[in-house]
1. Taking the options 470, 502, 525, name whichever one is within 16 Å of the ligand (Cβ to nearest atom), among the basic types (Lys, Arg), open to solvent by 10 Å² or more (accessible area, probe 1.4 Å) and modelled with pLDDT under 95.
2. Determine whether region 117-133 contains at least one residue that is touching a strand residue (DSSP E or B) at 6+ places or on another chain (Cβ under 6 Å), within 16 Å of the ligand (Cβ to nearest atom), of a type in the set (Gly, Ala, Ser) and at pLDDT 95 or above.
3. Applying the selection to region 67-102, what residues are more than 13 Å from residue 233 (Cα to Cα) and open to solvent by 10 Å² or more (accessible area, probe 1.4 Å)?
4. When you scan region 150-173, how many residues do you find that are open to solvent by 40 Å² or more (accessible area, probe 1.4 Å) and farther than 22 Å from residue 63 by Cβ?
5. For residue 439, all conditions in the list (1) on the phi < 0 side of the Ramachandran plot; (2) open to solvent by 40 Å² or more (accessible area, probe 1.4 Å); (3) not aliphatic (A, V, I, L, M) hold save one; what is the number of the exception?
6. So, in region 233-254, how many residues would count as being open to solvent by less than 10 Å² (accessible area, probe 1.4 Å) and in contact with a helix residue (DSSP H, G or I) (Cβ under 6 Å, 6 or more places away or on another chain)?
7. Return the residues of region 10-24 that are part of a loop (DSSP other than H, G, I, E, B) and either under 24 Å from the mean Cα position of the chain (by Cα) or not assigned by TED's automatic domain parsing to the domain that holds residue 173 (or both); say none if nothing qualifies.
8. I want to confirm something. Restricting to region 174-232 and keeping residues that are open to solvent by 40 Å² or more (accessible area, probe 1.4 Å) and part of a helix (DSSP H, G or I), which single residue is nearest to the ligand (Cβ to nearest atom)?
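The values are calculated or read from the model by the stated rules, or taken from the named source; none is laboratory data. As the structure is a computational prediction, the values presented were derived from the model and not from experiment. Note that we place each Cβ from the backbone using ideal geometry, even for glycine, and neighbour counts take in every protein chain shown. For accessibility, only protein heavy atoms count, side chains too; no ligands or nucleic acids. Shrake-Rupley method; radii C 1.70, N 1.55, O 1.52, S 1.80 Å.
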Amino acid sequence: MLSTMQDGQLSLARLLRHGSTVHSEAEVITWTDSGARRETYGEVGKKAAKLANALRGLGVTGDQRVATFMWNNAEHLTIYAAIPAMGAVLHTLNIRLFPEQLVYVANHAEDHVVIVDGTLVPLLAKQLPEMKTVKHVIVANGDASTLEAPAGVQVHSYSALLDAQSDEFDWPEIDERSAAAICYTSGTTGDPKGVAYSHRSIWLHSMQVCMSDSMRLAQGDKALVIVPMFHAMSWGLPYAALMVGASLLMPDRFLQPKPIAEMLEVERPEFAAAVPTVWQGLLQQLDANPQDISYLKEVVIGGSAVPPSMMHTFQERHGVTVVHAWGMTETSPLGSVARPPKAATGDAAWAYRYSQGRFPASVTARLVGDSGDVLPWDGESVGELEVQGPWIAGAYLGGADVDPDKFHDGWLRTGDVGKITHDGFLTLTDRAKDVIKSGGEWISSVDLENAVMGHPAVAEAAVVGIPDEKWDERPLVAVVVKEGQSVTAEELRDYLTDKVAKWQLPENWTFVDEVPKTSVGKFDKKRLRAFHNEGKLDISHL
Ligand code: ADP
């Protein structure tokens, strides 16, 4: 029997109309070198209409790809809102990709237009001649005349283009299953792979972001969004904010600890989201220059494992609750969020908070062992995590031939290894490719990192497996010591003795100024391993 319900499409045109009218007074606040500039969602709606009119004039009449090469700011939000709503497809280019990868993704997605931030023009200009399908470049927040157009490409000024347009646009009816936006994985292995989110997947994901068991974004909140809009859709926060009328505080290019501390002080957001390395920098900044941040109700951290020591520092020194979350580009990205069950208190609650979190109803998960058997949710069995659901990728852009191993029987293979409790809390022990295999046993690089980062003199610690004649692999710990502090490898090893099993105690240590980071600020273990293979690390063997 068919239902009797209407079949209203979950389209981002509906989201834009709603956000810019019902929540017309919510704001997008962009940080600049002289404080904040503000725009209401009502104004964003009008500018989105102007942009859509302008793009129609540039031949964007169907599902052409419109790429962005932008920081988190008001213009990027306008583009996020306008492109899918007009029926085109937004492609957020990661400004930190290697040049050849940038060219690869622009050509692969067949970008027709690129909208670039004025400050990023020099970075794009070098690669532009190789972007074969690009016909128009629009320069926002800068001088378009600084960009020399390659043959066949027209350059426009964003503000001049918009000024000439009407602030009304007849947003079309869009099939909710059509593509709205494309993100590429950051390509830590091989070419980046594209994920095309649908209007429906983004809509459902946005609702989840706002739910109380997830990020709890709500009307009237001000959210500091440090997670970049050029990677994994900024964790879905821009669309979720338009949906519920939360204001957005956008750091633009001011991503260092000092300006972040400044924008916190001035704008006092209730909510913030970033990867652990960003918060590590901020915590050090706050140690050196104490400042009250207790107005932050919650800070959501994910993208890589949050060391428990970081959660405690936030809570005990700053009165701020950290909410740990897991996800990936292929999962839109929200996969799980660590909110303890109400009945859990004290250490039991902390144990839940250390985990990567609980799956929401729309994300179905299973663990698969080495021989392909599905493992129980007993909090002990360790296997590869696989997921299914309405905002989980079923294939990569380009069809079933692109990395087919990632998908089987309708499940996404995450490449993450961990365990799940009977009540659906995930604890990741590693990425499959980072697990250290020592003497037939597995050592979790994440557990070791968390333990080392618990030492008060340690700012960052990354662990990789290095070849060992006797044990196959042994852990190598790369440590960054906090400014003004000192600690030796022997002291760190002693510190670990009551925290990890004896056979796991690392004997290889190296002290570095900085752990290499990926384009989105995660520890780049591939490069760390390469440094080791090239003999670039000065290692103490205990
Ligand atoms: P990339 O693969 O380029 O890093 P993603 O941002 O999609 O791109 O990364 C997703 C991966 O990040 C996950 O598969 C997982 O390995 C890791 N990750 C994300 N959140 C967490 C977390 N809370 N704890 C541990 N690992 C995480």
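1. Values: 470 fails: within 16 Å of the ligand (Cβ to nearest atom); 502 fails: within 16 Å of the ligand (Cβ to nearest atom).
The match here is 525.
2. No, because not a single residue in region 117-133 is touching a strand residue (DSSP E or B) at 6+ places or on another chain (Cβ under 6 Å), within 16 Å of the ligand (Cβ to nearest atom), of a type in the set (Gly, Ala, Ser) and at pLDDT 95 or above.
3. Passing the criteria: 75, 87, 95, 96, 97, 98, 99, 100, 101.
4. 9
5. Of (1) on the phi < 0 side of the Ramachandran plot; (2) open to solvent by 40 Å² or more (accessible area, probe 1.4 Å); (3) not aliphatic (A, V, I, L, M), only one is false for residue 439: (1).
6. Matching residues across region 233-254 total 7.
7. First pass over region 10-24, keeping only residues part of a loop (DSSP other than H, G, I, E, B): 10-11, 22-24.
Scanning region 10-24 gives 10, 11.
8. Taking the candidates together, the pick is 204.
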